[in-house]
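**Student:** Dropping a structure here in structure tokens format, bear with me for questions.
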């Protein structure tokens with residue numbers, strides 16, 4: 001791979017959600033002169049959420065995108081060098097670590113903090129991809145507005161699916177919610193909210209067979225996986241909320257991961273199996289996945305990087 005330019009930095013942060021920005025705030029204050037590349041979705045998953053009510057310090061709640069702007073501004077004020085760009089390849093086999101941005105620029109970094117987060121999973125139907133953007137969406141909060149006063153469907157059984165169903169219920173006439181098993185994974189409080197919302201209709205033991213429509217979504221065909229019974233439901237919007245995939249593919253040759261692709265860190269730290277490479281936020285956390293825990297792990301990563309560089313005598 002030919003590189004047009006290369007640059008040497010002390011501390012490189014890949015990703016720009018709560019973990020990346022918090023790491024940048026701490027690394028800047030420690031005078032590590034961090035360079036942060038924002039990646040494919042600047043601000044991360046919080047840019048596709050609306051109201052965040054559970055982040056401490058925002059007494060009246062805050063919009064997800066607005067919160068990420070606050071984080072970015074704070075990191076910039078502390079002196080972080082924040083840039084557009086996507087890490088496309090890495091080589092962690094020797095020091096300094098090498099990271100290619102947009103396949104052309106090479107960054108050589110003494111310490112790397114990975115905060116690339118996770119992305120929405122899809123069902124894997126051909127029709128789902130064909131109609132993606134034409135009624136199919138993985139983000140109710142981004143796209144629900146377009147289906148005001150229409151009927152929609154959502155697939156998923158976790159807290160995110162429950163939250164998105166509740167959000168859609170405020171805008172849409174009816175929300176058809178398809179759950180694969182006979183139970184939801186969502187927390188009890190979210191389940192109760194869903195089941196007590198009159199215009200959310202829950203279908204248990206239900207698989208989605210096909211999303212129907214030529215140019216736009218017109219209906220969905222579902223099948224009861226206990227009885228085999230099929231039915232078509234006319235809808236305008238089809239939302240997928242079945243979980244997330246960590247954005248860790250480019251690190252696979254070098255970093256230890258679990259079977260789902262989450263980067264493994266030494267418990268109680270942000271350290272990976274490669275010296276000088278740290279991981280924070282949802283790319284290494286499949287349990288909590290909250291803005292506040294991501295921010296906390298970003299702080300840990302910056303402190304770990306600072307200690308690592310100090311011990312190496314790199315200032």
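**Student:** Return the residues of segment 265-300 that are touching a residue at least 40 places away in the same chain (Cβ under 8 Å), closer than 22 Å to residue 252 by Cβ, surrounded by fewer than 24 Cβ atoms within 10 Å (Cβ to Cβ) and touching a helix residue (DSSP H, G or I) at 6+ places or on another chain (Cβ under 7 Å); say none if nothing qualifies.
**Tutor:** Hits for segment 265-300 are 276, 289.
**Student:** From the residues in segment 141-166 that are farther than 19 Å from residue 122 by Cα and modelled with pLDDT under 95, which one is surrounded by the fewest Cβ atoms within 10 Å (Cβ to Cβ)?
**Tutor:** Filtering segment 141-166 for residues that are farther than 19 Å from residue 122 by Cα and modelled with pLDDT under 95, the one surrounded by the fewest Cβ atoms within 10 Å (Cβ to Cβ) comes out as 145.
**Student:** Turning to a different aspect of this structure: Select from segment 167-185 the residues that are more than 21 Å from residue 226 (Cβ to Cβ) and surrounded by 18 or more Cβ atoms within 10 Å (Cβ to Cβ) and list them in ascending order.
**Tutor:** Of everything in segment 167-185, those that are more than 21 Å from residue 226 (Cβ to Cβ) and surrounded by 18 or more Cβ atoms within 10 Å (Cβ to Cβ) turn out to be 167, 168, 169, 172, 175.
**Student:** Further, regarding this structure: Can you give me the number of residues within segment 210-244 that are part of a strand (DSSP E or B) and free of Cβ contacts under 8 Å to residues at least 40 places away in the same chain?
**Tutor:** Here is the first cut: in segment 210-244, the residues part of a strand (DSSP E or B) are 210-212, 219-224, 230-234, 237-240, 244.
Cutting the leftovers down to free of Cβ contacts under 8 Å to residues at least 40 places away in the same chain gives us 219, 221, 223-224, 230-232.
The qualifying residues number 7.
**Student:** For segment 65-100, name all the residues that are more than 21 Å from residue 251 (Cβ to Cβ) and over 18 Å from the mean Cα position of the chain (by Cα). Walk me through how you get there before you give the answer.
**Tutor:** The first filter runs over segment 65-100 and keeps only residues more than 21 Å from residue 251 (Cβ to Cβ), leaving 65-82.
Once the filter is applied, which keeps residues that are more than 21 Å from residue 251 (Cβ to Cβ) and over 18 Å from the mean Cα position of the chain (by Cα), segment 65-100 yields 70, 73, 74, 75, 76, 77, 78, 79, 80, 81, 82.
Quick grid of which residues meet (1) assigned to a helix (DSSP H, G or I); (2) within 24 Å of residue 284 (Cβ to Cβ); (3) in contact with a strand residue (DSSP E or B) (Cβ under 8 Å, 6 or more places away or on another chain):
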{"site": "6", "(1), (2), (3)": "no, no, yes"}
{"site": "11", "(1), (2), (3)": "no, yes, yes"}
{"site": "16", "(1), (2), (3)": "no, yes, yes"}
{"site": "27", "(1), (2), (3)": "yes, yes, yes"}
{"site": "40", "(1), (2), (3)": "no, yes, no"}
{"site": "54", "(1), (2), (3)": "no, yes, no"}
{"site": "67", "(1), (2), (3)": "yes, yes, yes"}
{"site": "73", "(1), (2), (3)": "yes, no, no"}
{"site": "85", "(1), (2), (3)": "no, yes, yes"}
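**Student:** Just to check your reading of the model, which residue among 138, 115 is buried (at least 16 other Cβ atoms within 10 Å of the Cβ), at pLDDT below 95 and under 14 Å from the mean Cα position of the chain (by Cα)? Can you show your working first?
**Tutor:** On the way: 115 fails: at pLDDT below 95.
Being buried (at least 16 other Cβ atoms within 10 Å of the Cβ), at pLDDT below 95 and under 14 Å from the mean Cα position of the chain (by Cα) holds for just one of 138, 115, which is 138.
**Student:** For residue 215, all conditions in the list (1) more than 23 Å from residue 179 (Cβ to Cβ); (2) out of contact with any helix residue (DSSP H, G or I) (no Cβ under 6 Å at 6 or more places or on another chain); (3) not assigned by TED's automatic domain parsing to the domain that holds residue 178 hold save one; what is the number of the exception?
**Tutor:** (3)
**Student:** Do you know which of the residues in segment 245-263 that are in a strand (DSSP E or B) and in contact with a helix residue (DSSP H, G or I) (Cβ under 7 Å, 6 or more places away or on another chain) is nearest to residue 136 (Cα to Cα)?
**Tutor:** Here the answer is 246.
The values are calculated or read from the model by the stated rules, or taken from the named source; none is laboratory data. Being a predicted model, the structure only gives us computed values, none of them experimental. In this analysis, Cβ positions are derived from the backbone assuming ideal geometry, glycine residues included, and neighbour counts consider all displayed protein chains.
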